[in-house]
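Written out below as structure tokens is the structure these notes cover.
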Amino acid sequence: MEEHFYTEYRTKITSFLQTNGALLARYQIREVSLAAQETLLQQGTPPKGVYILASGLVKVTRTTAAGQQFTLGVFGPGEVEGDVEALMHMPHFCTVQALTACRFFHISSERFLQMLAQEQEFNLLMHRSIASKMLNTSLQSSIQNTNRLYYTLLIVLRELSRLNELQISKPLLTELLGTSQRNLNRLLGQLEEENLVKMKGTLVAQMNRPGIEKRIETYDFEIQ
């Protein structure tokens, strides 16, 4: 089943602001433009207000204490940055960089909180935006976990193939992997398509051990 990512809720915020000039004036919302490669927000710096992307693409990254940088995503119009920091009164959690020429609506933290309290439609749009971001994060995490589970299954099959007397069954694999039968069936189906295993009922009837070992060697490079 194809996963559905929730992005339309964020674009509605941009449309709402673009068609409500009176609101922009009331809360002193101004437009800010950035050139490609310019940094909008820097991780660890004091809050600079809330930015709502009207056009362009931004990249969001976070650097760990060990100095490793991770890309959290590339986002388009409707993306809201600085909202969590405004709500939590905390330094910027991530670095936000413009990948293309970008245009933003900028709202001071104080005005942003006023809008949440006084503008019901804007409040609802913001809640839906935050909820959509949480849903997307969960979906992405589940996809990444499935990738890791696939790799783990390959390792388990390789090790079990050395125990010729052991019957490898779906219940056994489910217990070893700590996953659901549904996830396991999907992964075994993928392995069958790749001619790495052959199923017979609930048993792994055949295993292509050389193929499994080669797949393990190449898998790390494919998920980079």
For the range 94-140, give me each residue that is among the aliphatic types (A, V, I, L, M) and either within 22 Å of the chain's Cα centre (by Cα) or within 21 Å of GLN42 (Cα to Cα) (or both).
VAL96, ALA98, LEU99, ALA101, ILE107, LEU125, MET126, ILE130, ALA131, MET134, LEU135, LEU139
Considering only residues that are assigned to a loop (DSSP other than H, G, I, E, B), modelled with pLDDT under 95 and more than 19 Å from ARG62 (Cα to Cα), which ones fall in the range 99-127?
THR100, ALA101
Residue in the range 203-221 that is part of a loop (DSSP other than H, G, I, E, B), over 15 Å from LEU160 (Cα atoms) and either at pLDDT 90 or above or not aromatic (Phe, Trp, Tyr) (or both) present:
no
Answer yes or no: is there a residue in the range 64-80 that is at pLDDT 90 or above, within 26 Å of LEU116 (Cα to Cα) and of a type in the set (Gly, Ala, Ser).
no
Cβ pairs under 9 Å, 6+ apart, first in the range 34-62 and in contact (Cβ under 8 Å) with a residue 60 or more places away in the chain and within 11 Å of CYS94 (Cα to Cα), second among the hydroxyl-bearing types (Ser, Thr, Tyr) and part of a strand (DSSP E or B)
LEU40/TYR51; LEU40/THR95
Do the conditions hold for PHE16, that is, is it aromatic (Phe, Trp, Tyr), within 18 Å of LYS133 (Cα to Cα) and modelled with pLDDT under 95?
no
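Yes/no per residue for (1) among the β-branched types (Val, Ile, Thr); (2) closer than 27 Å to SER138 by Cα:
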{"residue": "ALA35", "(1), (2)": "no, no"}
{"residue": "PRO47", "(1), (2)": "no, yes"}
{"residue": "VAL50", "(1), (2)": "yes, yes"}
{"residue": "GLN97", "(1), (2)": "no, yes"}
{"residue": "PHE122", "(1), (2)": "no, yes"}
If we keep only residues of the range 143-163 that are modelled with pLDDT under 70 and surrounded by 12 or more Cβ atoms within 10 Å (Cβ to Cβ), then the residue nearest to ASP83 (Cα to Cα) is ASN145
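The values are calculated or read from the model by the stated rules, or taken from the named source; none is laboratory data. Quick caveat, the model's predicted, so the values are computed rather than measured. Here Cβ is always computed from backbone atoms with ideal geometry, including for glycine, and neighbour counts include all displayed protein chains.
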